[in-house]
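Asks: Okay, here's the structure, questions in a sec.
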Amino acid sequence: MNIEVHQDDQYHLRRLVDRLPSMLAYWDKGLICRYANQAYKRWFGITPERLIGTSIVNLLGPDLYALNKPYIEAALRGEEQTFERLIPGPGGTKRFAMAWYIPDVVNGVVEGFMVQVTELTQLRETEDALHRERTLRLQIEEHARQLDALLQERGEMLDVLAHEVRQPLNNATAALQSAATVLSEVGETSASERLRRAQTVIGQVQSSIDNRLAVASLLGRQDAIERTDTDIDALLGVALADIPGSERGRIRIERITSTRTASMDMSLMRMALRNLLINALKYSPEGAPVTVRLTDSDEPLALVIDVEDAGPGMEPDLVPHIFERGVRGKRQPGQPGHGLGLYIVQRVMAMHGGRAELVRNGPDGATMRLWLTPSSEV
């Protein structure tokens, strides 16, 4: 009875060992196989029955045996060995594997060694994929650093270009304004009017340059803007200073708020307000006033800036698209422009966490509204 139980246990143990995916074998000190599980059939295409009594040299072949020989000799000296190896199999398959050679020491004498070989192909492929991913990520990060450096260099060059172009234009505008004033005083109204028109053209060129530079550099950035507590009257002053002197007198300021300061990026808000003023002056009849009205809003909490013109209004089919880049009004096709003005206005307000909208539109004029929210509301 005891013998039957023992044989039954051996049967179940053999079934268990044969189901293992790892190769298990025993090689004696003469390098002859004395035991092997079914995994050898999957790996080498040789059944355990054929393998038993076979030399390890015949199993591995001369090339693989030469690679493993140092580990075999070390195991026969009683030294446990662990190493990785690429093992060829039937049909040209190749498996990455981890091998363990465990010496069988009896009474101080090495009788052979036990072998366990576990496949690492999937793990190695995953590690290789991770390595490729890390390498690619590092390359992308390096590429991003290079792009950042190029963008910074481009921004610096644009700043230089802006200064080199704006300053002569500002000087020319001032000279034209001075000459127009002198000519007007001495009664040369015709020449004075020509100079004022030239001054208006220079102002349009300046506006076009500023808008293109803004789209190319400032508004394309991904970092957050820096807002500071800014005097509202100072904002109005610098925005009005950007308007040609001959047109500046048409702009009326209505302040219906006691608020003196607001949190903003001064340069961006100046650009947005200037673009609204230039549009309002351009589309209003010659000499017609343009109104800038400042009020407060409690819901949402914001400083509200309205710019009202006396023009013919915007075409109804254009209204849903007025803040898109490249969209221009059709009622004054001869006017210069690239459809950037309102696009920049919308981007500036979005960067402030606010918004721009058309709140009045009709044959008697249009009103554009800016909502400037406090920085804590962004």
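Asks: Given N residues in segment 47-155, what is its alpha carbon radius of gyration divided by 2.2 N^0.38 Å?
Replies: Normalised Rg, Cα atoms only: 1.76.
Asks: Right, here's the next one. Contour minus end-to-end for Arg19 and Glu141, with contour as 0.36 nm per residue of separation and end-to-end as the Cα-Cα distance?
Replies: 39.3 nm
Asks: Ranked highest first by the average count of other Cβ atoms within 10 Å around their residues, in what order do 140-150, 97-107 fall? Mind dumping the intermediate values first?
Replies: Values: 140-150: 10.1, 97-107: 15.3.
The most tightly packed comes first, giving 97-107, 140-150.
Asks: Can you tell me the FRET efficiency between Glu299 and Val186 if r is taken as the Cβ-Cβ distance and R0 is 45 Å, rounded to the nearest 0.05?
Replies: E between Glu299 and Val186, to the nearest 0.05, is 0.20.
Asks: Using a simple spin-label model with points 7 Å from Cα along the Cα→Cβ vector, what separation in nm is obtained for Ile225 and Arg42?
Replies: For the pair Ile225/Arg42, the computed spacing is 6.4 nm.
Asks: Hey, what's the Cα Rg ratio for segment 223-359 versus the globular rule of thumb, 2.2 N^0.38 Å?
Replies: In units of the globular-protein estimate, segment 223-359 measures up at 1.04.
Asks: Calculate the translational D of segment 276-317 in whole µm² s⁻¹ from Stokes-Einstein, where the hydrodynamic radius comes from the Kirkwood formula applied to all Cα pairs, the temperature is 37 °C and the viscosity 0.692 mPa s.
Replies: Answer from the Stokes-Einstein relation: 282 µm²/s.
Asks: How far apart, in nanometres, would the label points at Ala234 and Ser258 be if each is projected 7 angstrom from Cα along the Cα-to-Cβ direction?
Replies: In this crude spin-label approximation the distance works out to 2.3 nm.
Asks: How would segment 9-68 be classified by its alpha-carbon gyration tensor: rounded, prolate or oblate, with rounded meaning a/c under 1.5 and the a/b versus b/c comparison settling the rest?
Replies: It is prolate, given that a/c is not under 1.5 and a/b is the larger ratio.
Asks: For a quick size check, give me the Cα extents of segment 77-135 along its three principal axes, largest first, whole Å.
Replies: 52, 30, 13
Asks: Mind ordering 307-315, 67-75 by average Cβ neighbours within 10 Å, highest first? Present the calculation step by step, with values, prior to reporting the outcome.
Replies: On the way: 307-315: 19.9, 67-75: 16.1.
Result, highest mean first: 307-315, 67-75.
Asks: Starting from the Cα-Cα distance between Met114 and Thr82, subtract it from 0.36 nm times their residue separation and give me the gain in nm to one decimal.
Replies: Value of the extension gain: 10.3 nm.
Asks: To continue, here is another question. Where both partners of a DSSP beta bridge lie in segment 252-332, what percent of those bridges are antiparallel, to the nearest 5?
Replies: 60 percent
Asks: Quote to one decimal, in nm, the extra length available between Ala175 and Ala129 on full extension: 0.36 nm per residue of separation minus the C-alpha distance between them.
Replies: 9.8 nm
Read-outs throughout are calculated quantities, based only on the coordinates presented, and are distinct from any laboratory measurement. As the structure is a computational prediction, the values presented were derived from the model and not from experiment. All Cβ positions, glycine included, derive from the backbone under ideal geometry; neighbour counts span all protein chains shown.
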